[in-house]
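The values are calculated or read from the model by the stated rules, or taken from the named source; none is laboratory data. On a predicted model such as this, the values are computed, not experimentally measured, just so you know. Reconstructed Cβ throughout: ideal geometry from the backbone, glycine too, with neighbour counts over all protein chains shown.
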Amino acid sequence: MNASGKSSLRAGVLAAGRGERLRTQSSHPKPLVKVGSQTLIEHVLNSMSDAGASEVVVIINEDSIAVRDHVAALKWPFALRWIVETTPTSMHSFLRLVETLAVDGDKGPFLLSTVDIVAGAQTYSRFVAEARQHEQAAVTLALTLPGDDEKPLLVRTAPGDSRIVAIGEAATPSDYATAGVYSVRASILREAEAARREGVDALRTFLGRLLDRGYYLTGIPIAQSIDVDRPGDIRAAEEFLQTRAV
């Protein structure tokens, strides 16, 4: 709890990926690709600010120091920390963020987001508010329509319930896919060492592992968002923001 009596929110941004598909459009690291007047990382950090984040940890790879310099030159209403580490997979970045946020014994839930999500106003704050109602959930995933993503991570929930019952191929067919935004509790770290030792090499595999091992996962549909992964997604995200500004 903070001084105002409200629950504090600690958050993390996954920005350590290479973003190879956007390299044909921009020589900048993916987090610094511009959508409208802001870079991708600014969009996400502003969304986290709207959600009431008091602290944000950003993980970047060792080739993306320019990202830290760009963000540090701006003013933010939260404490900002950095992890500079070239991780082998998104799962490793995800776990490093959770470990850092939980290092002082904080059990969460923490708000985590990939860096390439462009969402409408209040999307993150509404997600956080609803996720906090799921006190038993180790992970709550923001859900969206699968769209035209080449490899959507499909999710199926129980009929009339938010409890996730299948992830990945086991969820086929499904009307939902993960949206890249998560509410995560530190309890998942009990699986971190074993997952690394067993060679789990992707975040989607780790989430499926949690489900298989009996962890309680929930899913919350959110308002439309755009995953900026390819050059064509930049224009789609800009058009999306324009419709929200009308």
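Some points to look at:
- Search result, residues across the range 26-76 that are part of a loop (DSSP other than H, G, I, E, B) and surrounded by fewer than 14 Cβ atoms within 10 Å (Cβ to Cβ): Ser27, Ser37, Glu62, Asp63, Ala73, Leu74, Lys75
- Any pair with Cβ under 8 angstrom, 6 or more apart, that starts in the range 138-158 at a residue that is within 18 Å of Glu169 (Cβ to Cβ) and modelled with pLDDT of 90 or more and ends at one that is in a loop (DSSP other than H, G, I, E, B) and among the hydrophobic types (A, V, I, L, M, F, W, C): Leu143/Ile222
- Candidates Leu141, Leu145, Leu189, filtered to the one that is within 30 Å of Gly36 (Cα to Cα) and surrounded by fewer than 23 Cβ atoms within 10 Å (Cβ to Cβ): Leu145
- The set of residues from the range 108-136 being over 14 Å from Ala53 (Cα atoms), surrounded by fewer than 23 Cβ atoms within 10 Å (Cβ to Cβ) and in contact with a Leu (Cβ under 9 Å, 6 or more places away or on another chain) comprises just one member, Gly120.
- The sole residue among Thr205, Thr140, Thr144 that is among the polar types (S, T, N, Q) and more than 30 Å from Gly105 (Cα to Cα) is Thr144.
- Boolean, Arg197 is more than 18 Å from the chain's Cα centre (by Cα), exposed (fewer than 15 other Cβ atoms within 10 Å of the Cβ) and more than 27 Å from Ala129 (Cβ to Cβ): yes
- Among the residues here, Glu99 qualifies as surrounded by fewer than 18 Cβ atoms within 10 Å (Cβ to Cβ), in contact with a Leu (Cβ under 7 Å, 6 or more places away or on another chain), touching a residue at least 24 places away in the same chain (Cβ under 8 Å) and part of a helix (DSSP H, G or I).
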